[in-house]
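*Asks:* Mind looking over this structure? Questions follow.
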Amino acid sequence: MKKHKIIYRERAKRDLREIFEYIAEDNLDKAIEFTAYIMTTIENLSEYPHLGRKIANSNLRKIIVPPYVIAYKIMESAQTIDITEIRHGARKPIIRKN
């Protein structure tokens with residue numbers, strides 16, 4: 001099976017940076033470990049793009065790395081996974097169509 005390329009949108013990059021900075025305020029080692037875990041989970045999508053569940057009323061999918069929700073779009077024609085955002089699960093649900 002051909003691997004999909006992972007693309008982080010600017011919002012997702014900013015989200016990941018903010019998660020890191022928030023955790024690093026208390027514990028730098030945990031911040032490094034947790035953001036690496038998020039990125040490893042995302043990298044798994046390159047081989048298993050349908051791992052996440054569909055988000056209702058949208059063309060996005062999501063995977064969960066508690067307490068965060070990673071939203072992404074599969075672009076089969078380009079063999080890419082578009083990481084659109086990484087947000088805390090307690091925030092308003094992701095319902096956008098793109």
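Quick note: the coordinates plus some simple rules give every number you see, no bench work behind them. Keep in mind that this is a model prediction, so the values were computed, not measured. Cβ atoms come from the backbone with ideal geometry, glycine included; neighbour counts cover every protein chain shown.
*Asks:* What is the sum of charges, Lys and Arg at +1 and Asp and Glu at -1, for the other residues whose Cβ falls under 10 Å from the Cβ of Lys54? Intermediate results must be reported in sequence, preceding the final value.
*Replies:* Values: positive: Arg53, Arg61, Lys62; negative: none.
That sum, taken over residues with Cβ under 10 Å, equals +3.
*Asks:* Let me ask something additional. Report the relative contact order of the chain, percent, no decimals, based on alpha-carbon pairs under 8 angstrom and at least 6 residues apart. Walk me through the numbers on the way to the answer.
*Replies:* On the way: 148 pairs, mean separation 32.3, N = 98.
Here the relative contact order equals 33 percent.
*Asks:* Angle check, please: helix 10-24 long axis (alpha carbons) against the longest principal axis of the chain (alpha carbons), in degrees 0 to 90, nearest 10.
*Replies:* The two axes meet at around 30 degrees.
*Asks:* Taking a cut-off of 14 Å, what percent of all Cα-Cα pairs in segment 1-61 are separated by more than that? Present the calculation step by step, with values, prior to reporting the outcome.
*Replies:* Working: 1207 of 1830 pairs.
That tail contains 66 percent of the Cα-Cα pairs.
*Asks:* Would you mind checking the tilt of helix 28-44 against the longest principal axis of the Cα atoms of the chain, expressed as 0 to 90 degrees and rounded to 10?
*Replies:* 10 degrees
*Asks:* Pairs Lys3/Lys73; Lys5/Lys62; Lys13/Lys54; Lys2/Lys30: which exceed 24 Å Cα-Cα? If you can, show how the numbers build up before the last one.
*Replies:* On the way: Lys3/Lys73 15 Å; Lys5/Lys62 17 Å; Lys13/Lys54 22 Å; Lys2/Lys30 33 Å.
Check vs 24 Å cut-off fails for Lys2/Lys30.
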